[in-house]
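*Asks:* Let me begin by handing over the structure; questions about it come next.
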Amino acid sequence: MIHMNASILDGSFYFTISLIMLIVSFIGYFIYIFTANKLVSTASFIVVAAAFALQTFAFIIRWRYSYQIGIYIPPLIDLYDSLVFFAYVILFGFILLKLFYNFNSLGFIMTFISICALGFATFYPLSTSAIEPYIIPALKSYWLLYHIISLFLAYGAFAAAFGIGILFLLKYNQLNVIKQNKNKKTDDKKNNLNAVKKIALIIFYPFTLLYKQFILLSPSIDILDEAIYKVVVFGFLFLSIGIVIGAAWADNAWGGYWSWDPKETWSLITWITYAVFIHARLTKGWNEKKMAWIAVIGFIVVICTYLGVDLLIPGLHSYISPGAAPIL
Amino acid sequence: MLSKLNKFFSSIKLAIILFILIAAISIIGTVIDQGDTLAQYKIIYGDTVFHILYWLGFLNIYSSWYFIGLAVLLILTMITASANKLPKVIKNIIEPYTSFDNALKKNSYKAKYTTIQSSKSPSEILNIAEKTFAKKFGKPVLKNLDGNAGKNAVHNKNSSGNFLFFSKNSIFRISPNIAHFGVIVVLTGVFLGVALGYRSYTNIKVGQTVQHSYLLKNNNPVLLPFKIKLDNYATKYYKNGMPKAYISTLTIIKKHIAILTKSIRVNHPLTYDGITIYQASYGHYKPNAAQILVLNLKNKNKNNKRLIYAVPGKLYNSKISNIKFSFNFFKNPAKNQIPFYISIIKNNKTVTRPIVFQELPYRTKKGNMPLFFAKYNNNIAFVFAGIKTYYYSGVEITKNVDTYIVWIGSAILIFALFFSFFFNQKSLWIRVIPSEEKEKTNKIELLSVPNKKFASFYSMIDRLTEIFKKQI
Ligand code: HEM
């Protein structure tokens with residue numbers, strides 16, 4: 001049975017519409033990579049901006065609705081809320097990056113991540129958009145709002161760093177290939193390609209074209225490197241703030257600022273990963289390529305912290321079954 | 001020897017290795033459940049695996065010697081690295097200037113060096129430069145517009161020649177040191193808290209007074225400096241039955257004197273004498289009992305009823321015509337059937353047929369619950385008036401020592417991170433070397449040095465240099 005979150009009342013309908021808009025813009029960005037057509041990328045960006053505006057509207061609806069049914073806390077508490085908010089923050093980050101750096105080639109990665117989050121929110125059976133007229137006592141706290149917003153700003157930044165990191169690695173490889181080809185030009189003439197390789201080359205020819213086009217469109221490596229760094233430090237700052245707020249809240253609610261709960265521990269691991277990133281830059285011998293790799297791996301750690309811990313290890317922070325744990 | 005040790009401890013490579021080790025150990029701690037009792041572990045893992053895990057310290061990994069050791073090493077590396085950098089950083093703040101040539105030599109890997117020719121006079125050139133670059137670099141720190149102009153300038157002293165020196169945000173060079181200091185403060189607070197404070201829990205029955213609680217990490221008892229009495233416990237519910245609040249009313253008693261009474265609930269603890277009591281859980285400690293009102297139908301007096309709290313299956317004496325009874329639930333009740341009944345025992349013989357309850361058209365005043373009624377032989381009746389629960393409240397009792405150190409350290413860390421990320425030092429030297437032959441063009445040298453190699457810095461310099469070129 002297919003389950004879909006799309007109710008006008010709780011605002012999820014608008015999120016679902018924005019999902020469709022994002023898919024459209026994703027296709028647009030995909031075509032852009034093939035064609036380098038400026039018009040297509042501009043149109044895609046307008047669709048993204050419209051989807052973002054629609055989501056903003058949906059959040060307002062949802063927030064109002066949750067107040068109407070008597071929960072005086074913004075709707076940021078269950079899995080659905082958090083996934084749509086994640087998608088929202090990623091779009092926000094992309095829009096900023098596009099405005100500051102004119103990153104058109106990033107569009108297709110960022111819309112893709114956002115689509116994944118929104119799609120998961122909309123179709124995953126355990127994520128329901130309905131807002132229940134009750135919340136478990138531990139969540140009744142304004143710490144929650146600031147805790148979650150800080151962490152999601154961080155997650156969004158790390159997602160952006162992931163996207164830029166991938167662009168960087170693609171571009172970096174391509175440049176290396178070009179360099180090597182230049183060096184090898186003389187002995188390449190012997191042409192010792194076997195038949196299989198030739199056929200493979202012919203089949204994959206459109207893809208290599210696509211790849212080259214893509215590389216051409218993305219900004220220079222230096223700019224990518226700087227963008228990764230700036231986005232990561234932004235994320236690191238908000239991750240630190242979010243963790244400290246969470247600790248203060250835990251101190252208030254559970255009697256200790258740190259309990260080595262799996263989610264807490266994984267957030268520490270995330271924090272350490274990006275601390276390594278920041279220091280790696282200062283170590284000689286760690287070039288930009290390694291930094292890009294840490295940005296990519298770091299985001300995988302973020303996903304582990306954000307979803308893996310919930311789906312695999314139960315703990316104080318589980319989204320899935322609020323109230324089921326013996327701890328209040 | 002000492003310098004080798006110093007070099008070893010202040011290397012960022014060591015810091016990165018420590019970071020990675022700490023992260024790896026933390027992952028083990030999330031895969032193996034921490035803090036269960038030894039008996040539980042034996043059941044989960046079996047004897048052999050349990051012993052191996054125990055020996056490796058994996059069952060309490062965050063207090064294992066190697067985890068703590070790594071944290072201590074991290075502090076040491078941070079202290080040595082920061083201390084080593086500090087003199088240089090401070091010198092850079094107080095006196096950011098070396099000479100032009102020195103700056104070029106030391107920063108060749110990230111500096112940008114350009115030369116321009118102009119026929120304008122040195123002081124004119126530098127005046128234009130000051131205006132152009134002030135937008136991004138602020139006021140020049142050093143300025144010598146026409147010091148030795150015209151004469152043969154001596155370039156190896158930084159006070160001579162015609163030059164401008166800008167250095168913006170140099171004070172923020174200290175931010176990483178402060179960030180490290182913040183982390184050190186946080187970890188110090190954590191260690192102090194672990195050494196001097198404790199986290200414990202205890203369950204208190206309604207009406208009971210306790211003076212001990214049990215450590216979360218090993219269940220050892222702790223003697224509290226006061227007694228805690230649980231006056232009442234209540235769960236409040238939403239209309240649909242979801243719990244809304246868990247509320248315990250506690251009284252603190254010291255030397256037989258009740259000092260204060262306060263209700264605690266989640267997010268709203270009670271702190272007294274440096275010890276904080278948190279609502280953590282609740283439960284019931286006896287089986288739920290049915291409240292059964294036993295009525296003597298023959299006796300029309302006022303004292304014809306008795307309230308008995310009947311635990312299911314247990315025998316109770318009604319004190320009416322030798323009748324004993326027990327309250328029971330049906331194992332497989334039919335649909336729409338009331339699922340409990342009374343068994344009657346008279347003269348030590350069970351009366352075979354269970355006495356089924358019927359719903360009365362009245363409801364209780366308190367809680368608006370339905371009432372049920374069962375009758376035996378026209379002389380005794382039972383009214384079921386609800387279930388009584390014997391609650392206990394689970395409270396966490398912690399002595400948090402020096403938590404404020406952790407918060408102060410966190411605040412320092414966050415502010416320092418902000419400044420070290422967003423306020424980067426940048427400096428710029430502009431020097432004019434007047435031509436030795438008259439009527440020839442003067443040579444202008446620009447040397448800009450960012451703290452971090454950012455593409456945007458170089459493009460900003462290029463842009464300003466273009467503007468500058470057009471003016472001269
Ligand atoms: C534990 C948490 C730590 C945090 C949050 C932290 C944070 C930072 C930050 C924000 C910077 C500035 C980076 C930049 O300029 O881009 C930095 C630099 C640095 N860190 Fe750390 N650090 C930590 C641990 C360590 C440790 C254990 C060492 C031990 C070697 C260390 C050594 C250094 C050094 C030598 C610098 C360069 C300072 C400079 O260039 O002036 N850090 N750190």
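The values are calculated or read from the model by the stated rules, or taken from the named source; none is laboratory data. Quick caveat, the model's predicted, so the values are computed rather than measured. As a convention, Cβ positions derive from the backbone with ideal geometry for all residues, glycine included, and neighbour counts pool all protein chains shown. Just so you know, the surface numbers come from the protein's heavy atoms only, side chains and all, with ligands and any DNA or RNA stripped out. Shrake-Rupley method; radii C 1.70, N 1.55, O 1.52, S 1.80 Å.
*Asks:* Residue separation times 0.36 nm, minus the C-alpha to C-alpha distance between A:Leu216 and A:Leu9: what's the value?
*Replies:* Result for the pair: 70.0 nm of gain on full extension.
*Asks:* In addition: For the range B:394-418, list whatever residues lose no less than 10 Å² of accessible surface once every protein chain is in place, relative to that chain by itself, with the probe at 1.4 Å.
*Replies:* B:Glu396, B:Asn400, B:Thr403, B:Val406, B:Trp407, B:Ser410, B:Leu413, B:Ile414, B:Leu417, B:Phe418
*Asks:* Related question: What is the mean number of Cβ atoms from other protein chains located within 10 Å of the Cβ atom of each residue in peptide B:244-257, rounded to a whole number?
*Replies:* 1
*Asks:* Over the range B:289-386, with the other protein chains present, what is the accessible area per residue in square angstrom, probe 1.4 angstrom?
*Replies:* I get 67 Å² per residue for the range B:289-386.
*Asks:* Charges at C-beta only: +1 for Lys and Arg, -1 for Asp and Glu. How large is the resulting dipole of the range B:186-282 about its Cα centre, in Debye rounded to 20? Before the final figure, lay out each step's value.
*Replies:* Working: 12 positive and 2 negative charges, 52 e Å.
Using only the charged Cβ atoms, the result is roughly 240 debye.
*Asks:* Mind computing the radius of gyration and Dmax over the alpha-carbon atoms of the range B:2-90? Å is fine for both.
*Replies:* Spelled out, the Cα radius of gyration and Dmax of the range B:2-90 are 17.9, 59 Å.
*Asks:* Given the pairs B:Lys88/B:Lys426; B:Lys91/B:Lys139; B:Lys136/B:Lys453; B:Lys205/B:Lys331; A:Lys38/A:Lys182, which are separated by over 23 angstrom at their Cα positions?
*Replies:* On the way: B:Lys88/B:Lys426 16 Å; B:Lys91/B:Lys139 20 Å; B:Lys136/B:Lys453 17 Å; B:Lys205/B:Lys331 30 Å; A:Lys38/A:Lys182 31 Å.
Long pairs (Cα-Cα over 23 Å): B:Lys205/B:Lys331; A:Lys38/A:Lys182.
*Asks:* Modelling each spin label as a point 7 Å along the Cα-to-Cβ direction, I'd like the B:Asn322/B:Asn220 distance in nm, to one decimal.
*Replies:* In this crude spin-label approximation the distance works out to 6.1 nm.
*Asks:* Quick check for you: which residues of the range B:308-328 have the amide N under 20 Å from the point 7 Å beyond the Cα of B:Tyr362 toward its beta carbon?
*Replies:* Answer for the range B:308-328: B:308-310.
*Asks:* A further question follows. Straight-line reach from B:Lys239: which lysines fall under 19 Å, measuring Cα to Cα and dropping same-chain residues less than 8 apart?
*Replies:* A:Lys140, B:Lys365, B:Lys366
*Asks:* So if we plug the beta-carbon distance of A:Lys198 and A:Ala36 into 1/(1 + (r/R0)^6) with R0 = 30 Å, what FRET efficiency do we get, rounded to 0.05?
*Replies:* Details: r = 28 Å, r/R0 = 0.93.
That gives a FRET efficiency of 0.60.
*Asks:* By how many nm would the segment from B:Ala411 to B:Lys139 grow when fully extended, if each residue of separation counts as 0.36 nm and the alpha-carbon distance is taken off?
*Replies:* 94.8 nm
*Asks:* Moving on to the next point. Using only protein heavy atoms and a 1.4 Å probe, how much accessible area in total is buried between A and B, to the nearest 100 Å²? Before the final figure, lay out the partial values.
*Replies:* Values: alone 17090 and 28950 Å², together 41710 Å².
Result for this pair: about 4300 Å² buried.
*Asks:* Moving on. Can you compute the helix-only [θ] at 222 nm over the protein assembly as shown? Use -39500 (n - 2.57) per DSSP H run of at least 4 residues, normalise by all residues, nearest 500 deg cm²/dmol.
*Replies:* -17000 deg cm²/dmol
*Asks:* Anything in chain B that counts as a DSSP H helix reaching 27 Å or more along its axis (C-alpha) with Kyte-Doolittle mean of at least 1.0? List them, would you?
*Replies:* Numbers: long enough: B:12-31 (29 Å, 2.70); B:65-94 (43 Å, 1.31); B:175-196 (31 Å, 1.80); B:403-422 (29 Å, 2.12).
Sorted by number, the helices that extend far enough and score high enough are B:12-31, B:65-94, B:175-196, B:403-422.
*Asks:* Calculate, for B:Asp231 and B:Lys305, the FRET efficiency according to 1/(1 + (r/R0)^6) with r their C-beta to C-beta distance and R0 30 Å; round to the nearest 0.05.
*Replies:* On the way: r = 29 Å, r/R0 = 0.95.
Here the calculated transfer efficiency is 0.60.
*Asks:* Now for a different question. Take the Cβ-Cβ distance between A:Gln180 and B:Ala455 as r, set R0 to 30 Å, and report the resulting FRET efficiency rounded to the nearest 0.05.
*Replies:* Efficiency at R0 = 30 Å is approximately 0.75.
*Asks:* If you don't mind, there's one more thing I want to ask. Dipole magnitude of the range A:4-312 about its Cα centre, charges +1 at Lys/Arg Cβ and -1 at Asp/Glu Cβ only, in debye to the nearest 20? Intermediate values should be presented prior to the final figure.
*Replies:* Values: 21 positive and 14 negative charges, 346 e Å.
Magnitude of the dipole: close to 1660 debye.
*Asks:* If you put +1 on each Lys and Arg Cβ and -1 on each Asp and Glu Cβ, how big is the dipole of the range B:289-386 around its Cα centre, in Debye rounded to 20? Spell out each step's value before the answer.
*Replies:* Working: 17 positive and 1 negative charges, 57 e Å.
Result for the range B:289-386 is approximately 280 debye, rounded to the nearest 20.
*Asks:* Which of the peptides A:61-67, A:259-265, A:176-182 is most tightly packed, and how do the rest follow, judged by the mean count of other Cβ atoms within 10 Å per residue? Before the final figure, lay out the partial values.
*Replies:* Details: A:61-67: 17.4, A:259-265: 21.9, A:176-182: 10.3.
The packing order, highest mean first, is A:259-265, A:61-67, A:176-182.
*Asks:* OK, next. Could you please state how large a percent of the accessible area of chain B is carbon and sulfur, counting protein chains only and using a 1.4 Å probe? Show your work: numbers first, answer last.
*Replies:* Working: 15450 of 26750 Å².
Carbon and sulfur: 58 percent of the exposed surface of chain B.
*Asks:* With 31 Å as the limit, write out which pairs from B:Lys227/B:Lys302; A:Lys98/A:Lys290; B:Lys244/B:Lys324 have Cα-Cα distances beyond it, or answer none. Don't skip to the answer; put the middle values down first.
*Replies:* On the way: B:Lys227/B:Lys302 42 Å; A:Lys98/A:Lys290 25 Å; B:Lys244/B:Lys324 40 Å.
Result: B:Lys227/B:Lys302; B:Lys244/B:Lys324 exceed 31 Å.
*Asks:* While we're here: Which value in nm describes the separation of the simple spin-label points at B:Lys314 and B:Ile259, placed 7 Å from the Cα toward the beta carbon?
*Replies:* 3.6 nm
*Asks:* Oh, and also: List the residues of the range A:240-260 whose accessible area drops by at least 40 Å² when all protein chains are present, compared with their chain alone, using a 1.4 Å probe and counting only protein heavy atoms.
*Replies:* A:Val244, A:Asp251, A:Asn252, A:Ala253, A:Trp254, A:Gly255, A:Tyr257, A:Trp260
*Asks:* If you count, for each residue, the other Cβ atoms within 10 Å and average over each peptide, how do B:2-15, B:382-395, B:52-65, A:219-232 line up from highest to lowest?
*Replies:* A:219-232, B:382-395, B:52-65, B:2-15
*Asks:* Roughly how many nanometres apart are two label points built 7 Å out from the Cα toward the Cβ at B:Thr249 and B:Phe8?
*Replies:* Label-label distance for B:Thr249 and B:Phe8, simple model: 6.4 nm.
*Asks:* Ignoring ligands, DNA and RNA, please state the percent of accessible area on the range A:18-129 from carbon and sulfur, probe 1.4 Å.
*Replies:* Exposed carbon and sulfur together represent 79 percent of the surface.
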